[in-house]
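This report refers to the structure that appears directly beneath it.
The values are calculated or read from the model by the stated rules, or taken from the named source; none is laboratory data. These figures come from a predicted structure and were not determined experimentally. Because the Cβ atoms are built from the backbone with ideal geometry, glycine has one as well, and the counts that use them run over all protein chains shown.
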Amino acid sequence: MSKKVSRRQFAKIAGLSAAGMASPVQSAEAKPQAAARQAGGFPPGFVWGTATSSYQVEGAVNEDGRGPSIWDSFTRIPGKIEDGSNGDRANEHFHRYKGDIRLIRELGCKAYRFSVAWPRVFPDGDGKPNPKGLDFYNKLIDELLANGITPWLTLYHWDLPQSLQDRFGGWRSAETCKAFGSYAAYVAERLTDRVKHVFTLNESGRFIYFGYGSGIDAPGLQLSQAEVNQARHNSALAHGLAVQAVRAHGRSGTKVGPAENIDACIPAIDTPENVRAAAIALREMNASYLGVILEGRYTDAFLKFAGANAPKFSAEDLKIISSPVDFLGLNIYAPQHYVVASDQGAGFALLPFPKSFPHMNSDWLRIGPETIYWVPRLAAGIWKTGPIYISENGTSGEDEVGPDGKIHDTDRIMYLRNYLAQLQRATSEGVPVKGYFLWSLMDNFEWVFGLNKRFGLYHVNFDTQVRTPKLSASFYRNVIATNAAGA
Ligand code: BG6
């Protein structure tokens, strides 16, 4: 199994199934049930957007007083980034944002999800703010609004100020949570006159384990399971503090919620038994972050499994963590677990993936369009959520510019068409998915893959910074214009 596939096998759970919480595979009785499908498009007012993140696109890492982040340091360590690149320049979005906003407009997108670089606003993570750093986002937001595009802001997309890592051990310490709360308050106070939707942290399920457990991502640590669990708890606490900060310091009516790469559990075959089992699995496999946020407690099974490695927490922590959210943001790319019912353990079994299971250009990106139907449907049922937004979905591709100067990314179109058809199936059945943000607007710095993986609707030549629309940009424009997945 390749390193890349294993990157996405979220060890927040790796343990759970391995250690017997999920029972061994039992043959679930297969009683196929035809799911009701309806023709027709998405509901009126469905939000269509694209997404990027600060470190992946901005560049300008030393401009206007930005402090260093853990990714600036990590990318300097030889061998960490596949092609040796870093985010110093990336897409030069910091300087080219106006042109990039035109690209969003040309798609017909009415929404754009971007993240604020914490070290631009607080170069040391806490202490003295850097108003010049915030200016960039003021300009960005004004330009978006002038183009009829609604800004959706993410507070944290992994570029932790290096100083917090150095002084407190980053997410290992509740000091970082406090600093995050203050940063969230500062941003909310100054930007929610125009920004009405705020995502707290992007993908705790990834940045904690890959940053502090496997060491694949920044800051590259390999800590014990107990320390990883504590760091994850801290990230949930930081989320809760940010929710409270937005409520206290943002304009009234500002909506706030997480953007999580939910550990995606799907019934292997659509039978009532398997659907029930998948719902149990989804709840348990997400107990350490989304579960505690939405339920205000860790499940008994999680605590039992974690045993001596369980995070240390207080009742006050749980209250903060479960501060009510306005929406649930789900990043959904690939199925994580196909599930069948079992009469052992908690009532579910996770099936192993066959070696031949297909994937897209990124080998972690298994193709399972039904993921984007089942996961929101099950999540809405388990947690009685309010609105759900797909905060990320998309795929990488080889994306070569042809002799005609065009990029015929029919593989990406295939992926999007199938996922969007399943999303449409969800909305037509009343699952409360209210919007979709395609990852990504343009090719960018893809973390440890460097510039080797391309997820954009626009191709970027990283030497010249020329952006070229791929065929998928026309596909997405058509989806938005017709408000329908298309056949
Ligand atoms: C999501 C992240 O998990 O996946 C994005 O939120 C990222 O920031 C995308 O670009 C693709 O991930 P990767 O690991 O293939 O670069």
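Just the residues that are of a type in the set (G, A, S) and either out of contact with any helix residue (DSSP H, G or I) (no Cβ under 9 Å at 6 or more places or on another chain) or in a helix (DSSP H, G or I) (or both), please, taken from segment 160-192.
Step one: list which residues in segment 160-192 are of a type in the set (G, A, S), which gives 163, 169-170, 173-174, 179, 181-182, 184-185, 188.
S163, G170, A174, A179, G181, S182, A184, A185, A188 - these are the residues of segment 160-192 that are of a type in the set (G, A, S) and either out of contact with any helix residue (DSSP H, G or I) (no Cβ under 9 Å at 6 or more places or on another chain) or in a helix (DSSP H, G or I) (or both).
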*Starting from residues that are within 16 Å of the ligand (Cβ to nearest atom) and in contact with a helix residue (DSSP H, G or I) (Cβ under 6 Å, 6 or more places away or on another chain), keep the ones in segment 325-359 and report whichever is nearest to W152 (Cα to Cα).*
I332
*Mind telling me which of the residues S17, S73 ends up being at pLDDT 95 or above, farther than 27 Å from T468 by Cα, among the hydroxyl-bearing types (S, T, Y) and not in a strand (DSSP E or B)?*
S73
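Working carefully through the options E284, E273, find the one that is out of contact with any Pro (no Cβ under 6 Å at 6 or more places or on another chain), surrounded by 24 or more Cβ atoms within 10 Å (Cβ to Cβ) and not in a loop (DSSP other than H, G, I, E, B). Break it down stepwise before answering.
Numbers: E273 fails: surrounded by 24 or more Cβ atoms within 10 Å (Cβ to Cβ).
Of E284, E273, the one residue that is out of contact with any Pro (no Cβ under 6 Å at 6 or more places or on another chain), surrounded by 24 or more Cβ atoms within 10 Å (Cβ to Cβ) and not in a loop (DSSP other than H, G, I, E, B) is E284.
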*Being more than 18 Å from A117 (Cβ to Cβ) and among the basic types (K, R) is the filter here, so list the residues in segment 79-99 that pass it.*
K80, K98
*Does segment 195-203 contain any residue that is away from the ligand (no atom under 16 Å from the Cβ), over 16 Å from V121 (Cβ atoms), not polar (S, T, N, Q) and not in a helix (DSSP H, G or I)?*
yes
*strands (runs of 3 or more DSSP E) wholly inside segment 418-487 that include at least 3 residues being closer than 25 Å to L328 by Cα and within 16 Å of the ligand (Cβ to nearest atom)*: 433-439
*Between a first residue in segment 255-273 that is under 19 Å from A346 (Cα atoms) and without any contact (Cβ under 8 Å) to a residue 12 or more places away in the chain and a second residue that is surrounded by fewer than 24 Cβ atoms within 10 Å (Cβ to Cβ) and β-branched (V, I, T), which pairs have beta carbons less than 8 Å apart while being 6 or more apart in sequence or on different chains?*
none
